[in-house]
Ligand SMILES: [Zn+2]
């Protein structure tokens, strides 16, 4: 049987315990896959994405401990966190007073850092998509079950820049969308809603396509211009204030 070496720790790995990446590298499931969030998708990832994601968790957890943990207990109304409660071990916390948003994965046995709360922290200003998604599957008794999700997508972010959080029911999403739209001053009327959703999906596809093309060295000018056109079509609202807040908060992190 073919043996590979883990591109991160160097351990020899058999096929069953090897996670293949998009660039042909392998990482070991035993140690290195566990350093990543479970929601991180290794299949389209290059080794650089994986190592960026590990650095992202290391830094994000530090920001979580220094900024978000104290704010969880604040009595000041303007500083309170807004929680998007996912099911299982996933939570999203928005901190409007610092312009940051944290995605947490809580594990009881996550050997890498020896703590139980881990986070990827993003600037709210980089949040470009917060879309609803659902999946309907048949359960073991043949009954249809629908799961509800919110996708979060960030620009200017290396590591994990797309993830989804499973919501407890379909009624949770509209409040999330309303919250972010108000935060960014985006007017989404029913009339332009479908148009917006379509443009965001096109933009996401264009970005993924461009990133792959850059890595393969096959990008051409037309594709670059399509990507920027698609990105510019998204109504992001005015993010100036959010960029300033987040950068000021992150500058305090030791
Ligand atoms: Zn390894």
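Regarding residue 86, is this residue in contact with a strand residue (DSSP E or B) (Cβ under 8 Å, 6 or more places away or on another chain), in the same structural domain as residue 151 (by TED's automatic domain parsing) and at pLDDT 95 or above?
Criteria not met by residue 86.
Would you tally the residues in the stretch 8-50 being in contact with a strand residue (DSSP E or B) (Cβ under 6 Å, 6 or more places away or on another chain) and in contact (Cβ under 8 Å) with a residue 40 or more places away in the chain?
Result for the stretch 8-50: 3.
Residue 60 passes all but one of (1) crowded, with 16+ Cβ neighbours inside 10 Å; (2) touching a helix residue (DSSP H, G or I) at 6+ places or on another chain (Cβ under 9 Å); which number fails?
(2)
Search the stretch 10-40 for residues being near the ligand (Cβ under 10 Å from one of its atoms) and closer than 24 Å to residue 117 by Cβ, and hand back the single one that is surrounded by the most Cβ atoms within 10 Å (Cβ to Cβ).
Looking at the filtered set, the residue picked out is 27.
Of everything in the stretch 137-163, what is buried (at least 19 other Cβ atoms within 10 Å of the Cβ) and in contact (Cβ under 8 Å) with a residue 40 or more places away in the chain? Give them in sequence order.
150, 152, 153, 159, 160, 163
Scan the stretch 41-50 and tell me whether some residue there is within 16 Å of the ligand (Cβ to nearest atom), in the same structural domain as residue 149 (by TED's automatic domain parsing), under 14 Å from the mean Cα position of the chain (by Cα) and modelled with pLDDT of 95 or more.
yes
The values are calculated or read from the model by the stated rules, or taken from the named source; none is laboratory data. Small disclaimer: the values here were computed from a predicted structure and weren't measured. Glycine gets a Cβ as well: all are built from the backbone with ideal geometry, and neighbour counts include every protein chain shown.
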